[in-house]
Amino acid sequence: MTSSDETSSSPATRTALIVGASGITGSAIGEQLVAEGWDVLALSRSASSTPGLRGVAADLRDPASLTAALAEHRPTHVFFTAWQKQDTEAENIRVNQAMLHDLLAALSHAPLEHVAIVTGLKHYLGPFEAYAAGATPETPFHEEEPRLETPNFYYAQEDELFAAAETQGFTWSVHRAHTIIGHAVGNAMNMGLTIAVQATLAKELDLDFVFPGSEQQWNGLTDMTDAGLLAEQMIWASTDPAGANEPFNIVNGDVFRWRWMWPRLAADLGVAPERVVGFSATPRPLEEQMAPHESAWPAIAEKHGLVETDINRLASWWHTDADLGREMEVVTDMGKSRDAGFLAHRRTEQAFKDLFARYRADRVIP
């Protein structure tokens, strides 16, 4: 597929297949594509449909299921935002590489123009089991930096994507996000909602709102990725020749220190200033902080008329601990996509405020 072919299509003639459509990134992509007038398919086991999205039932771990489910569909664009966490990186590679391979094989009949996948900064930092191990990576991160020697399922997925693009003739893009904040429930990696649930427990149970991470995260520079901005970049790369066949970092474009951000989030979530506690001596992971208090959530949900009584569908303590526990600053360069013409940005504090407001409106938090 040539770049000129890619740009000749219009939203009315494009059909998108979103894999992971109920997650933080997938739901943001779906909202934007529907608003732009695309025909949108949403692949999941449940085949749930929402306004503007047609559900397709399939199991990403079952090649026969994928082949049968997609036989009648002819998407032009694929947005792959799903992954399944395994106990080891070897298993992460086996499972997540196979899911992408089997999906693209099941679409061999489709007139694919572009396939975009989401990875992340573990491309530069290494996988969870070797996270930021060895020599400290140089920041800010740039897309042209060589891969680490450590096996990584992101690399395996990239290689799968490159091989399928050669065979099937579509263009591709890889989107390396930092911590993603966006609107979803039941997601395994959801810092925004995790912090909101922590703040709710702090208010309701008269607890301190304690920063869980490292001294380096508290005092050093960092950045984040708003799901809506990630969706914008993925759609841009899928439809603009400048985005074809390239990996791109994607962060909001501002930098901050958690010692500056934490009290501001607390204020927006209604935590009293005297209850805000920063880093002191050692990290205090949320998995340890919150374990004694999780059982209080159903009563809090009933008291405030909230829609979800299962705290495990709201808070991903482990993932927020991993992000905020890194003992290094994390800053990401956005120069490559800026030069290519992607100029959108977000202010991270406002992204958090907007997210909290949406969760309140949906009765997920008080």
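Across all directions, the average projected area of the convex hull around the alpha carbons of region 78-141 is 5.4 nm².
Considering only C-alpha atoms, what is the centroid distance from region 138-167 to region 52-66, in Å? Cα centroid of region 138-167 versus Cα centroid of region 52-66: 26 Å apart. Amide H contacts of residue 78: 17, 114, 115, 116, each under 5 Å away and 5 or more positions distant or on a separate chain (H built 1.01 Å from N in the peptide plane; Pro and chain starts excluded). Of the chymotrypsin sites (Phe, Trp or Tyr not before Pro) found in region 45-88, no site is in coil according to DSSP while having at most 15 other Cβ atoms within 10 Å of its Cβ. A Förster distance of 22 Å, applied to the separation of the beta-carbon atoms of residue 84 and residue 268, puts the FRET efficiency at 0.10. The convex hull drawn around the Cα atoms of region 84-236, when projected onto a plane and averaged over every direction, covers 11.4 nm². What is the list of residues in region 161-179 whose amide nitrogen lies under 12 Å from a point 7 angstrom out from the Cα of residue 147, following Cα to Cβ? Only 161-163 fall inside the zone, counting backbone N under 12 Å. Compared with the alpha-carbon gap, the fully stretched path from residue 109 to residue 13 is longer by 32.8 nm at 0.36 nm per residue. Peptide packing: for 351-362, 221-232, the average count of neighbouring Cβ atoms within 10 Å per residue gives the ranking 221-232, 351-362, highest mean first. Taking the empirical scaling 2.2 N^0.38 Å for compact globular proteins as reference, the chain has a Cα radius of gyration ratio of 0.99.
Taken about its Cα centre, region 17-96 carries a charge dipole of about 100 debye when Lys and Arg each add +1 at the Cβ and Asp and Glu each add -1 at the Cβ. Dipole orientation for the chain: of the candidates 214, 195, 299, 299 has the Cα lying most toward the positive pole (charges on Cβ; Lys, Arg +1; Asp, Glu -1). Comparing 88, 357, 281 along the charge dipole axis of the chain, the residue lying farthest to the positive side is 357, per the Cβ-charge model. Note on region 186-297: with charges restricted to the Cβ of Lys and Arg (+1) and Asp and Glu (-1), its dipole about the Cα centre is near 260 debye.
Inter-label distance, residue 215 to residue 338: 3.2 nm, where each label sits 7 Å from its Cα along the C-beta direction.
Relative to the Cα centre, the charge distribution of the chain, modelled as +1 at Lys and Arg Cβ and -1 at Asp and Glu Cβ, gives a dipole magnitude of about 900 debye. For the peptides 87-95, 99-107, the ranking by packing is 99-107, 87-95, with the highest mean count of neighbouring Cβ atoms within 10 Å listed first. Each peptide in 335-342, 25-32 receives the mean, over its residues, of other Cβ atoms within 10 Å, and ordering these scores from highest gives 25-32, 335-342. Around the amide H of residue 39, modelled in the peptide plane, lie the amide H atoms of 14, 16, all under 5 Å away and 5 or more residues distant in sequence or on another chain. I need the shape label for region 315-366. Rule: rounded when a/c is under 1.5, else prolate if a/b > b/c, else oblate, with a, b, c from the alpha carbon gyration tensor. The shape class here is oblate. Pair-distance distribution of region 256-366: all C-alpha pairs, bin width 5 Å, starting at 0; shares per bin in whole percent are 2, 9, 13, 19, 22, 16, 9, 6, 3, 1, 0.
Placing unit charges on the Cβ atoms of the charged side chains and taking the dipole of the chain about its Cα centre, the candidate lying farthest along the positive direction among 55, 112, 251 is 55. Its alpha carbons give region 45-123 an Rg and a Dmax of 13.4, 39 Å.
Each reported figure results from applying straightforward, stated rules to the coordinates on display, with no laboratory input. These numbers come from a predicted model, not from an experiment. FYI the Cβ positions are ideal-geometry reconstructions off the backbone, even for glycines, and counts take in every protein chain you see.
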